[in-house]
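This report concerns only the one structure given below.
The values are calculated or read from the model by the stated rules, or taken from the named source; none is laboratory data. Nothing here was measured: the structure is a model prediction, and the numbers come from that model. Please note: Cβ atoms are built from the backbone with ideal geometry, for glycine as well, and neighbour counts cover all protein chains shown.
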Ligand code: EPZ
């Protein structure tokens, strides 16, 4: 398993381009299964999550080819069973279920396991499929979803105990686009990636309205056609590097190919913590620089447009070095504090209790061998390593390679000294 050796006391300079959104690419690539016509999806980050999905789509008969950030699909003759050995590698593969059900009237996908950030149920996805007329059966760890009489539009509330579901909203939307009649999804997720998917489906000929709000309406159509679409920038990668620029740069850094609208809550939080965040006129570039008097803050994650759970670990790393006391509560994944035990190995002063971390800022962290546990926690460890004294060795790097495209090169482009050791 690869590890990354990060030289401490980094002083990042200059600028990098932010990649396309992983969490937009996954459902959009899956949505190309809804038509037999060729589709082109651009700005798809070359990360293991998108590559796993491409493998699954090829196994389904999707004829998917990637050339750098552009993916071409032609899902002429597809079959309904997603292979377990691929699905088990990435729980987000569940997002092929909606398009398979919409296109073929049936789907068979293995039940995704949980992961370190918490149990990852799909009860809301299945509730939506049943509301559309599908029958759900379990078969040796696989979920069978079948709609022998086709799918019929329905009024569905997708709210769970932790709020809306992003991939659940995506899946039900993708199943509903070819259903007979109209579907209304209440308590829909409003994330920009859900909006991007709805725009993609409308480009294919779907009739979706209300996306970006809690109520999405889908009028079923007969058929969808091929499209050419560029996915939105990755707001989580952008926020990760905004924190890097504040933690590990004297003069500040610039991030290009971002979308200010999607970074509002990160911008507000960083400004309230005393830092400098300046966007260009178009909102496509952002300059960040550590403030002279940083102060602790309170973060409570919530569904978009609230503070994203996917930014929580990175901000925890920053607050570990911010004078004063900060409180971080993750209401979406209460267990998502794996980064804290590793940050404490580096000298951070953090108490985790239930879904909450109380962070007492310290002057400096010390480099240490640490272990990545999930995608965003591993990013937090890289950020901490950049500012720590000495070297930090981050093992199980495959976690970070799931969602950060060319992170070594991007860090080096900013002047960081990092070395990937392939073991
Ligand atoms: C998406 O996961 C993202 N992944 C996650 O990002 C992100 O953390 C999450 O949304 C929340 O924003 C992708 O888009 C590929 P949810 P998803 O369904 O859709 C509960 C990353 O770091 N729930 O919105 O799987 C669930 O347990 C990844 O890029 C149910 O109870 O998350 C959680 O508490 C990690 N029943 C909450 O809802 C369900 O049927 C939100 O989960 C589904 C979810």
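Of all the residues in region 128-152, those that are within 16 Å of the ligand (Cβ to nearest atom) and surrounded by fewer than 16 Cβ atoms within 10 Å (Cβ to Cβ) number 3. Does region 41-56 include one or more residues that are more than 22 Å from the chain's Cα centre (by Cα) and either more than 20 Å from residue 223 (Cβ to Cβ) or away from the ligand (no atom under 16 Å from the Cβ) (or both)? No, that holds for no residue.
Yes/no matrix, rows are residues, columns are (1) in the same structural domain as residue 192 (by TED's automatic domain parsing); (2) farther than 14 Å from residue 69 by Cα; (3) part of a strand (DSSP E or B):
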| site | (1), (2), (3) |
| --- | --- |
| 29 | yes, no, no |
| 33 | yes, yes, no |
| 40 | yes, no, yes |
| 46 | yes, no, no |
| 54 | yes, no, no |
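Among the residues of region 101-127, those that are more than 9 Å from the ligand (Cβ to nearest atom), touching a strand residue (DSSP E or B) at 6+ places or on another chain (Cβ under 7 Å) and closer than 24 Å to residue 186 by Cβ comprise 101, 107. Looking at the structure I just gave you, is residue 64 modelled with pLDDT of 95 or more, within 14 Å of the ligand (Cβ to nearest atom) and touching a helix residue (DSSP H, G or I) at 6+ places or on another chain (Cβ under 8 Å)? Considered against the rule, which asks whether it is modelled with pLDDT of 95 or more, within 14 Å of the ligand (Cβ to nearest atom) and touching a helix residue (DSSP H, G or I) at 6+ places or on another chain (Cβ under 8 Å), residue 64 comes out as no. Pairs linking a residue in region 302-313 that is over 16 Å from residue 234 (Cα atoms) to a residue that is part of a loop (DSSP other than H, G, I, E, B) and more than 10 Å from the ligand (Cβ to nearest atom), with Cβ atoms under 9 Å and 6 or more positions apart or on different chains, are 303/190; 313/337. For residue 365, state whether it is assigned by TED's automatic domain parsing to the domain that holds residue 249 and closer than 15 Å to residue 5 by Cβ. Judged against the criteria, residue 365 is not a match. When region 170-188 is limited to residues that are buried (at least 24 other Cβ atoms within 10 Å of the Cβ) and over 17 Å from residue 33 (Cα atoms), the one that is farthest from the ligand (Cβ to nearest atom) turns out to be 183.
Figure legend. Inter-residue proximity from region 185-202: first residues over 18 Å from residue 129 (Cβ atoms), second residues assigned to a loop (DSSP other than H, G, I, E, B) and more than 10 Å from the ligand (Cβ to nearest atom), beta-carbon distance below 7 Å, spacing 6+ or different chains. Indicated pairs: 190/212; 190/214; 190/305; 192/232; 195/212; 196/231; 196/232; 200/227.
Checked across region 377-392, the condition of being free of Cβ contacts under 8 Å to residues at least 60 places away in the same chain and within 16 Å of the ligand (Cβ to nearest atom) holds for at least one residue.
In region 283-303, the qualifying residues are those that are within 16 Å of the ligand (Cβ to nearest atom) and surrounded by 20 or more Cβ atoms within 10 Å (Cβ to Cβ), and the one that is nearest to the chain's Cα centre (by Cα) is 303. Scan region 360-377 for residues that are touching a strand residue (DSSP E or B) at 6+ places or on another chain (Cβ under 9 Å), at pLDDT 95 or above and either buried (at least 19 other Cβ atoms within 10 Å of the Cβ) or part of a loop (DSSP other than H, G, I, E, B) (or both) and the total you get is 7. Residue 397 fulfils the conditions (1) modelled with pLDDT of 95 or more; (2) more than 20 Å from residue 302 (Cβ to Cβ) except for a single criterion, (1). If you check residue 78 against the conditions, is it more than 16 Å from the ligand (Cβ to nearest atom) and crowded, with 16+ Cβ neighbours inside 10 Å? Judged against the criteria, residue 78 is a match. In this entry, residue 161 is excluded by the filter for residues that are surrounded by fewer than 17 Cβ atoms within 10 Å (Cβ to Cβ) and either more than 15 Å from the ligand (Cβ to nearest atom) or in the same structural domain as residue 261 (by TED's automatic domain parsing) (or both).
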